[in-house]
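First up is the structure itself, then whatever we jot down about it.
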Amino acid sequence: MNKPHFKLKTAAGTVAAKPENLTAHLAVMQRFFGAGGFGGLLPNPDPVLRKLGRNIAVYRELLGDAIVAGHVRRRKAAVTGMEWRLEDDGVPPDAARLIDGLLADIDIYQLINSILDATMFGYQPLEVIWQAGKQWLPAKIIAKPQEWFEFDADGQLYFTANSTDFGHREPVPAYKFLCPTHNAGYTNPYGTGDLSCVYWPTVFKRGGLKFWAEFAEKFGAPWIIGREPRSNTDADTDNLLDRLTAAYPDMDDKALQNELARLIFLSGLVGKIEAAREMGR
């Protein structure tokens, strides 16, 4: 049998195309400089995680924010609150009853809730626990932490939580894991999580609230001024500074000493002004 022969007509003339080049991948991730990571695994290209130098677990801390958590719950409730049904058009009755019983034994709403985490983090690995009987059926489908898994250049999922040998990592077994993704592509199998879009606004909001709380505490509360007689020893002075530092935990000793010196000077200056006013009367 003769091999197929292709010729492409271009502006530069006729070019013969080899069949092996047409049926193979030429533009692959391995040819891109710097695309591979340890053991051939791709790092998560999320720009926020790369700038922070941390893994995806940092996004889970955002769920402690009242506004972020409220929007996440509202978004999930809108999906899990929708009605669903199983259609068995053209399916044999025995198979329909089998699938119906399978879905009845699984907490389908918890499963939907776990799958929706893929929109928040970009991807969500789900481990399938099978039970053996007349048929192999899923008994449980459990969501696992995203930071335990990585992808290679082909988009294959790897379990790397307890792997120390970078040269002998293996992908997860077939039919054992599901992994829904959100806006994943060839160059980014990890997907794009919506929590990455709100990370910096949430961090800046928290930082602003902390700043204003400290500002109000510093300038809205009365200052404690420590005074000591000339006869005090160094130990007495250190004890006074320790007590004042306990009253202002966010100020170090040097800054506290400078601030106290300024306040004592100002209080003495105010006292002299008041004394001069009294003498003038």
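Here, each number is a calculation from the coordinates, and none is a lab measurement. On a predicted model such as this, the values are computed, not experimentally measured, just so you know. Glycine gets a Cβ as well: all are built from the backbone with ideal geometry, and neighbour counts include every protein chain shown.
For GluC sites (Glu not before Pro), the sites in the range 85-162 that DSSP calls loop and that have at most 16 other Cβ atoms within 10 Å are Glu87. Ordering Asp242, Asp152 by the number of other Cβ atoms within 10 Å of each residue's own Cβ, fewest first, gives Asp242, Asp152.
May I ask you to sort Val58, Val79 by Cβ crowding, counting other Cβ atoms within 10 Å and putting the fewest first?
By the 10 Å Cβ count, ascending: Val79, Val58.
In a DSSP loop and with at most 14 other Cβ atoms within 10 Å, the chymotrypsin sites (Phe, Trp or Tyr not before Pro) in the range 86-160 are Trp136.
Here the mean projected area of the convex hull built on the C-alpha positions of the range 40-200 is 11.9 nm².
Fewest Cβ neighbours within 10 Å first, please rank Thr233, Thr245 accordingly.
Fewest-to-most Cβ neighbours within 10 Å comes out as Thr233, Thr245.
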